[in-house]
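The values are calculated or read from the model by the stated rules, or taken from the named source; none is laboratory data. Small disclaimer: the values here were computed from a predicted structure and weren't measured. Cβ: placed from backbone, ideal geometry, glycine included. Neighbour counts: every protein chain shown. To get the accessible areas, we keep the full protein, side chains included, count just its heavy atoms, and leave off ligands, DNA and RNA. Shrake-Rupley method; radii C 1.70, N 1.55, O 1.52, S 1.80 Å.
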Amino acid sequence: IEVCGKIAYISQNAWIQTGTVQDNILFGSSMDGQRYHSTLASCSLVKDLEMLPYGDCTQIGERGINLSGGQKQRVQLARALYQNADIYLLDDPFSAVDAHTATSLFNV
């Protein structure tokens, strides 16, 4: 298979690294405030971040222990979306989110 462009993969089981929510989304990329906030809104993370004690600067424990399954999945989606890839490979990323959130994510 020959692929032209940048690929982003979102697995069914969310992969979260120890660090802040922002670190997990940026994943080493430089910060673009407008794209970052657009990504948070697109992935339905704004309300979740408002509930966390330090917003997107909240430290995530090992393997995302202090996030729900749906939050971990949406952080993983945000990471892929922020990378601005040409091709997105999705392995059932909506399995951990409720029906309302899945519809919202799908329609964006």
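Condition first: open to solvent by 60 Å² or more (accessible area, probe 1.4 Å) and at pLDDT 90 or above. Can you find one or more residues in region 65-83 that meet it? Within region 65-83 (the criterion being open to solvent by 60 Å² or more (accessible area, probe 1.4 Å) and at pLDDT 90 or above), the answer is yes, since at least one residue qualifies. Hey, does region 22-34 have a residue that's assigned to a loop (DSSP other than H, G, I, E, B), at pLDDT 85 or above, among the small types (Gly, Ala, Ser) and open to solvent by 50 Å² or more (accessible area, probe 1.4 Å)? Yes - at least one qualifying residue is present in region 22-34. Figure legend. Inter-residue proximity from region 1-19: first residues under 11 Å from Asp91 (Cβ atoms), second residues part of a loop (DSSP other than H, G, I, E, B) and polar (S, T, N, Q), beta-carbon distance below 7 Å, spacing 6+ or different chains. Indicated pairs: Gln12/Ser95. The number of residues in region 35-61 being farther than 20 Å from Gln73 by Cβ and either small (Gly, Ala, Ser) or open to solvent by less than 30 Å² (accessible area, probe 1.4 Å) (or both) comes to 0.
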